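Asker: First the structure, then my questions, so here it is.
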Amino acid sequence: MAREIKFRAWNKNLEEYVNSEKFVIDPTNGDVIDVGGYELLEVNNEAVLEQYTGIDDRVDNSVYENDIVEIEYTAGHHEKWDMDTLARIEDYDDVDTIVRGVVHIWPSTGVIINHISSENPEQFVGDYRIPQYLHIYKDCAVIGNIHKNPELLEE
């Protein structure tokens, strides 16, 4: 099944999203045009176009470029075994925390987050560093976007 292609537009001047039912995108230059035909916003100067990633988060919110999402991140899975009974005693991960980052679509890689921060940065020691980017999937949660909630990235 093909991914649905849709966009939203952030108006830099008004600092709000344009009602998506009232605009179309000019295929020649990407400008945001009112359905009535007059130019609303010039892309890059007055507007930021953000594409739908094709992913909906765990509560079915559409995930767009420049959204800020949270995902559970684990690394370094280990098991401990009782050497007498050969029974598994426990499982643990060296890193098990929630991370957040900004959504981007990379043509060569897919949908990723970067500018990653963690609510528990102290877990990222030794062999484990906060990743530069991570792929995302349906098991994420949209918590904001870079326009309205830049403070979410300040950890």
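The values are calculated or read from the model by the stated rules, or taken from the named source; none is laboratory data. Only a predicted model underlies this, so the values are computations on that prediction, with no experimental measurement involved. Here the Cβ positions follow ideal geometry from the backbone for every residue, glycine too, while neighbour counts run over all protein chains shown. Remember, those area values only see protein heavy atoms, side chains included, never the ligands or the DNA or RNA. Shrake-Rupley method; radii C 1.70, N 1.55, O 1.52, S 1.80 Å.
Asker: Compare VAL103, VAL125 by solvent-accessible area with a 1.4 Å probe and give them largest first, with all protein chains kept in place.
Answerer: Descending accessible area places them as VAL125, VAL103.
Asker: Can you tell me how region 106-152 classifies by the Cα gyration tensor, rounded, prolate or oblate, using a/c under 1.5 as the rounded cut?
Answerer: Oblate, since a/c reaches 1.5 and b/c is not below a/b.
Asker: Would you please give the residues with an amide H less than 5 Å from that of TYR17, counting only those at least 5 places away or on a separate chain, with H modeled from the backbone geometry?
Answerer: ASN11
Asker: Using modelled amide H (1.01 Å from N, peptide plane; none on Pro or chain starts), what sits under 5 Å from the amide H of ILE55, excluding residues fewer than 5 places away?
Answerer: So ILE55 has HN proximity to VAL63.
Asker: Give the accessible area for TRP106 in Å² (nearest 10); use a 1.4 Å probe, count only protein heavy atoms, and leave out ligands, DNA and RNA.
Answerer: Answer for TRP106: close to 90 Å² accessible.
Asker: Let me ask something additional. Quick one: go through region 43-62 and flag any residue whose amide nitrogen is under 19 Å from the point 7 Å out along the Cα-to-Cβ line of ASP26.
Answerer: Within reach of a label on ASP26: 43-50.
Asker: Express in Å², to the nearest 10, the accessible area of THR28 obtained by rolling a 1.4 Å probe over the protein heavy atoms while all chains stay in place.
Answerer: Here the accessible area works out near 120 Å².
Asker: Starting from 0.36 nm per residue, how many nanometres of slack lie between VAL59 and ASP127 once their C-alpha separation is accounted for?
Answerer: Residue separation times 0.36 nm, minus the Cα-Cα distance, leaves 21.1 nm.
Asker: Let me ask something else. Keeping all protein chains in the complex and leaving out DNA, RNA and ligands, what accessible area do you get for TYR128 with a 1.4 Å probe, in Å² to the nearest 10?
Answerer: Answer for TYR128: close to 60 Å² accessible.
Asker: Take LYS138 and THR74, extend 7 Å from each Cα along the Cα→Cβ direction, and tell me the distance between the two endpoints in nm.
Answerer: It works out to 1.9 nm between the two label points.
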